[in-house]
Amino acid sequence: MAATTHTGSSAVTSADPGQPALRALITGGSGGIGHAIAARLLGAGGRVVLAGRDEARLAAAASGLGPRVGWQRADMTVPARVRDCVETAAANMGGLDVLVTGQVLHINGGWWFGT
């Protein structure tokens, strides 16, 4: 199943006309530090796609952050979904400049913290 990015505005702008806008994919971006990083990138004129497993939280977070935010449901414990997520976000934004992994995963009986 291919990933689908739910997008806000397609415009990519930069707060500094001399610098290109950063395009970022943030996993675990519906809350916590991932959400805070998204807000900072957006404040600098960037464009963001939030990724995670909870569609309702992703949609609410994206809506609250503004029109330059998209989101997609993706289970980062499944390698094929990770690849689909990255490829879809990059295709929708014309590339990726930043990848933030801001999730906590339980893999093989242990905890993995990514940021």
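All of the numbers you see were taken from the coordinates with simple rules; none came from a lab. As the structure is a prediction and not an experimental result, all values here were calculated from the model. For neighbour counting, all protein chains shown are included, and Cβ atoms are generated from backbone atoms with ideal geometry for every residue, glycine included.
Farthest toward the positive end of the dipole of the stretch 23-113, out of Ala90, Gly29, Pro67, is the Cα of Pro67, where the dipole comes from beta carbon charges about the Cα centre.
Across the stretch 71-80, rounded Karplus estimates of 3J(HN,Hα) from the backbone phi angles (6.51 cos²θ - 1.76 cosθ + 1.60, θ = phi - 60°) give 8, 8, 6, 7, 8, 6, 8, 10, x, 5 Hz, Gly and Pro being marked x. Between amide H atoms placed 1.01 Å from N, distances below 5 Å from Arg53 occur with Ala74, all of them 5 or more places distant or on a separate chain.
Taking max minus min of the alpha-carbon positions on each principal axis, the stretch 23-113 gives extents of 40, 25, 21 Å, largest first. Dipole magnitude for the stretch 23-113: about 160 debye, using +1 per Lys or Arg Cβ and -1 per Asp or Glu Cβ, origin at the Cα centre.
The distance between label points at Ala60 and Arg83 comes to 3.4 nm (points 7 Å beyond Cα on the Cα→Cβ vector).
Summarising the label geometry, the points placed 7 Å from Cα in the beta-carbon direction at Ala91 and Ala36 lie 3.4 nm from one another.
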